[in-house]
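The values are calculated or read from the model by the stated rules, or taken from the named source; none is laboratory data. Since we're looking at a predicted model, the values are computed, not measured. Because the Cβ atoms are built from the backbone with ideal geometry, glycine has one as well, and the counts that use them run over all protein chains shown. We work out accessible area using only protein heavy atoms, side chains counted, and drop any ligands, DNA or RNA first. Shrake-Rupley method; radii C 1.70, N 1.55, O 1.52, S 1.80 Å.
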Amino acid sequence: MIEIRDVSKWYGSFQVLKSCSVSVARGEVVVVCGPSGSGKSTLIKGVNGLEPCDEGEIVVDGLNVGVKADLRVLRTRVGMVFQNFELYPHLNVLDNICLAPMVVLKRKREEAEARARTLLGRVGLTDHALKFPAQLSGGQQQRVAIARSLAMDPVVMLFDEPTSALDPEMIKEVLDVMSDLARDGMTMIVVTHEMGFARRVADRIIFMDAGEIVEVRPPEAFFTAPESERARAFLSKILEH
Amino acid sequence: MGHLDVNVILRNLPYLWEGLQLSFLLAAIAIAGGIFFGLIMALLRMSSIRPVAWIALGYVNFFRSVPLILVIFWIYFLVPLLLGHATGPFLSAVVAFTMFETAYYCEIIRAGVQSTPKGQISAGVASGMTWLQAMRHIVMPQAFRKMRPILLTQSIILFQDTSLVYVVTLRDFMTSVSTVASQELRMVELYLFAGAAYFAICFAGSRLINRLDGGFRR
Ligand SMILES: Nc1ncnc2c1ncn2[C@@H]1O[C@H](COP(=O)(O)OP(=O)(O)OP(=O)(O)O)[C@@H](O)[C@H]1O
Ligand SMILES: [Mg+2]
């Protein structure tokens, strides 16, 4: 489903990604973790071309990120959820969800709205359709953002630290929605520090450090017996509090 | 000074009204044209194609460094030389105002766009929109809302600046007032009236915008 082959990227002389390779199968959930600045966001943004890579290639569902004509199509099929939600503040919840389907997929208003309402039900926000983002809590906003991505009927969902801007009591409601999505068979790449979620939901963990993919392993193996010294150091730091 | 003679204004109202109409018409065209071309210029200015951005930057810097009255002169005297025939004072004033104001509106719009967080474009682009679609549906509506007060200020200045067209023989509101004032030798009445009229128009304009603003507020 997703093929990342020998991807490298530089910011000036600083190499953010060092020959990263990994493939993700259809329906698989992969959690990416690693210290701050290790290149997690850059890697995940490479998958939908928000951060183009300098070397190597990324292919999603047969579409090559490096090919301009493919990229547009690819982006309609790859949803992305951001740390800061990035809801459109001038539009209400319903219009936030309907915008891309109407503009990009040329869906009719009624059709888009019907789908939006179904999705709002799925993320537990049926009663909030006409509210504006500023009237919602962080957890609710992030659930709207997930519904907004799903409205494009994506085959892959990317999450970049979807809960790290949230107050602790709201993290669970977002993770629950993501778990449901995983159970329904969505292919997902999730950058997160929520190790409980990783353990329960992920099929594999990608551990990154200093631009390299250091380990790719099933959660049990990764958490109980990390192979590299770097992963051990990272885990002891993150699990100690 | 004696008492104020209100009749002098009533008597000359049709003449003053003609001048006011010209000011309105010129301001309306220049505001619409300035915002339209200012928007295009702002998009060019933010283009990732360097030469395009530089040309737009050059345009803006040029027009912001010369006085409007000079531009009015230039267009009035130079364009006929280039075209080989006269264009008439009104058309040349319209062109001069639009070209000049485009530079100012461009900068206002660019600032508004850049005050919108970059992540908003990313969100649009990530869902398959082109950069222009993201601009049109996501960034511009937010930017214009923030810009409304500054756009209004600029437009009021523009309206007041229409008095400069007397240099190309046009008779705007202010010029009409001066003419009547000197003919009738009633300076106080007419200049008080002119002040009151400018104030009323600009005040009404800003109230109208605030009203619209309130209507949009969530
Ligand atoms: N536009 C940029 N220009 C220069 N350097 C950048 C840029 N964006 C990111 N970097 C650098 O690239 C490295 C990787 O950044 P990235 O955002 O991918 O890290 P991350 O693993 O997502 O970190 P975090 O956990 O803090 O989100 C960092 O050292 C960062 O400083
Ligand atoms: Mg990051």
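Of all residues in region A:53-76, those that are of a type outside the set (A, V, I, L, M, F, W, C) and out of contact with any strand residue (DSSP E or B) (no Cβ under 8 Å at 6 or more places or on another chain) total 5.
Here is a yes/no grid of residues against (1) touching a helix residue (DSSP H, G or I) at 6+ places or on another chain (Cβ under 8 Å); (2) within 30 Å of A:R72 (Cα to Cα); (3) small (G, A, S); (4) within 11 Å of chain A (Cβ to nearest Cβ):
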{"residue": "B:L83", "(1), (2), (3), (4)": "no, no, no, no"}
{"residue": "B:L91", "(1), (2), (3), (4)": "no, no, no, no"}
{"residue": "B:A96", "(1), (2), (3), (4)": "yes, no, yes, no"}
{"residue": "B:A103", "(1), (2), (3), (4)": "yes, no, yes, no"}
{"residue": "B:I109", "(1), (2), (3), (4)": "yes, yes, no, no"}
{"residue": "B:S115", "(1), (2), (3), (4)": "yes, yes, yes, no"}
{"residue": "B:K118", "(1), (2), (3), (4)": "no, yes, no, yes"}
{"residue": "B:S127", "(1), (2), (3), (4)": "yes, yes, yes, yes"}
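Of the numbered criteria (1) open to solvent by 40 Å² or more (accessible area, probe 1.4 Å); (2) within 12 Å of another protein chain (Cβ to nearest Cβ); (3) more than 16 Å from ligand 1 (Cβ to nearest atom), the one A:R26 fails is (2).
When you go through B:L158, B:L170 one by one, which is the residue that is touching a residue at least 40 places away in the same chain (Cβ under 8 Å), open to solvent by less than 40 Å² (accessible area, probe 1.4 Å) and not in a helix (DSSP H, G or I)? Break it down stepwise before answering.
Values: B:L158 fails: not in a helix (DSSP H, G or I).
Being touching a residue at least 40 places away in the same chain (Cβ under 8 Å), open to solvent by less than 40 Å² (accessible area, probe 1.4 Å) and not in a helix (DSSP H, G or I) holds for just one of B:L158, B:L170, which is B:L170.
Taking the criterion of being within 13 Å of another protein chain (Cβ to nearest Cβ) and part of a helix (DSSP H, G or I), the residues of region A:140-159 that qualify are A:Q141, A:Q142, A:V144, A:A145, A:I146, A:A147, A:R148, A:S149, A:L150. Taking region A:128-139 as the range and being part of a helix (DSSP H, G or I) and away from chain B (no Cβ under 14 Å) as the test, the residues that pass are A:G138, A:G139. Out of region B:117-134, which residues are outside any helix (DSSP H, G or I), out of contact with any strand residue (DSSP E or B) (no Cβ under 8 Å at 6 or more places or on another chain) and buried (at least 20 other Cβ atoms within 10 Å of the Cβ)? The answer is B:G128, B:M129.
Is there a residue being out of contact with any helix residue (DSSP H, G or I) (no Cβ under 7 Å at 6 or more places or on another chain), in a loop (DSSP other than H, G, I, E, B), within 11 Å of ligand 1 (Cβ to nearest atom) and within 11 Å of another protein chain (Cβ to nearest Cβ) anywhere in region A:4-15? Please lay out each step first, then the result.
Going through region A:4-15, the residues out of contact with any helix residue (DSSP H, G or I) (no Cβ under 7 Å at 6 or more places or on another chain) turn out to be A:4-6, A:8, A:10-15.
Pick out the ones that are also in a loop (DSSP other than H, G, I, E, B) and you get A:12-13.
Narrowing further to those that are within 11 Å of ligand 1 (Cβ to nearest atom): A:12-13.
From what's left, within 11 Å of another protein chain (Cβ to nearest Cβ): none.
No: zero hits.
Of the helices (runs of 4 or more DSSP H) lying entirely inside region A:160-231, the ones with 2 or more residues being in contact (Cβ under 8 Å) with a residue 24 or more places away in the chain and buried (at least 22 other Cβ atoms within 10 Å of the Cβ) are found at A:168-183. Restricting attention to region A:89-121, the residues that are assigned to a helix (DSSP H, G or I), more than 21 Å from A:D184 (Cβ to Cβ) and open to solvent by 40 Å² or more (accessible area, probe 1.4 Å) add up to 6.
Being β-branched (V, I, T) and surrounded by fewer than 18 Cβ atoms within 10 Å (Cβ to Cβ) is the filter here; which residues of region A:50-75 pass it?
A:V67, A:V73
Take B:S206 and decide whether it is among the hydroxyl-bearing types (S, T, Y) and at pLDDT 85 or above. The answer is no for B:S206. Of the listed requirements (1) closer than 19 Å to B:A134 by Cβ; (2) in contact with a Phe, Trp or Tyr (Cβ under 9 Å, 6 or more places away or on another chain); (3) more than 16 Å from ligand 1 (Cβ to nearest atom), A:K106 misses just one: (2). When region A:42-85 is filtered for residues that are within 12 Å of chain B (Cβ to nearest Cβ) and within 16 Å of ligand 2 (Cβ to nearest atom), the ones remaining, listed by number, are A:I44, A:K45, A:V47, A:N48, A:L50, A:E51, A:M80, A:V81, A:F82, A:Q83, A:N84, A:F85. Of the residues examined, A:G124 is one that is away from ligand 1 (no atom under 16 Å from the Cβ), modelled with pLDDT under 95 and open to solvent by 20 Å² or more (accessible area, probe 1.4 Å).
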